[in-house]
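Below you'll find the structure, written out as structure tokens, and then a few comments.
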Amino acid sequence: MGVQDVYHETEKSFANGTNDREAHPKRWIAVLVQMNCEKKTATQLGKAGYETYIPTQQEIHQWSDRKKKVNRLIMPMVVFVRATVNEEEWLRNQSYIFRLLALPGSDEDKRKFATSIPDYQIDRLKFMLENAETEVTIISDLHAGDKVYVASGSLKGLEGVVSEADDKHSIVGVLIDGLGYACVKIAKHCLTAK
């Protein structure tokens, strides 16, 4: 019985050593870009084949004679990029990218890896920005408190951490690794303890 007799066409090949999974899967990282160049950077990275995300929240600005919908940047100079570890060097060499954001204490200049941001954190941020009825802000020094689940309202299903509370409202934050918390004010009656 030869090798060809043992191998069946329905079996997967282990030639790449990963059972046909990616050796270096893509993950979200945050890159610091030039001021007011977030959209241009995202467009250039998109043309190079990268998935990008710029966190914005739609607001209505009112002047004496008119109202206008505008997209406010939640994190100025930051663009999220979905890339593999091997693609980080290429990103570092782009003139429109200042640096890849890494956790405090890791020396990015010595080519350590950029901080990986889990998919679920980006998904929660997108959900919060699309559905929040009040302004979303980023707070980097939030102290972890009670974990909560939004049970009703436009943010129903969101999980987060309470940072502040008064008689009627709580400020709920969603952690984004290496950057801090995206926070939004939510009525207390919409929250349940997790």
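Worth pointing out:
- From the list L125, L100, the lone residue that is closer than 30 Å to V150 by Cα and buried (at least 18 other Cβ atoms within 10 Å of the Cβ) is L125.
- Test result for G153, part of a strand (DSSP E or B) and either modelled with pLDDT under 75 or farther than 22 Å from C37 by Cβ (or both): no
- Residue check, A83 outside the structural domain of G178 (by TED's automatic domain parsing), at pLDDT 85 or above and within 19 Å of the chain's Cα centre (by Cα): yes
- Test: residue in the stretch 60-68 that is free of Cβ contacts under 8 Å to residues at least 12 places away in the same chain, farther than 20 Å from G180 by Cβ and acidic (D, E): yes
Here is a yes/no grid of residues against (1) out of contact with any Gly (no Cβ under 8 Å at 6 or more places or on another chain); (2) part of a strand (DSSP E or B); (3) aliphatic (A, V, I, L, M); (4) at pLDDT 80 or above:
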position: D123; (1), (2), (3), (4): yes, no, no, yes
position: K126; (1), (2), (3), (4): yes, no, no, yes
position: L129; (1), (2), (3), (4): yes, no, yes, yes
position: I138; (1), (2), (3), (4): no, yes, yes, no
position: L142; (1), (2), (3), (4): no, no, yes, no
position: E164; (1), (2), (3), (4): yes, yes, no, no
position: V174; (1), (2), (3), (4): no, yes, yes, no
position: G178; (1), (2), (3), (4): yes, no, no, no
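- Matching residues, the stretch 49-70, being outside any strand (DSSP E or B) and within 20 Å of the chain's Cα centre (by Cα): G49, Y50, I54, P55
- Selection status of T56, touching a residue at least 12 places away in the same chain (Cβ under 8 Å) and surrounded by 15 or more Cβ atoms within 10 Å (Cβ to Cβ): yes
The values are calculated or read from the model by the stated rules, or taken from the named source; none is laboratory data. Because the structure is a prediction, the values reported are computed rather than measured. FYI the Cβ positions are ideal-geometry reconstructions off the backbone, even for glycines, and counts take in every protein chain you see.
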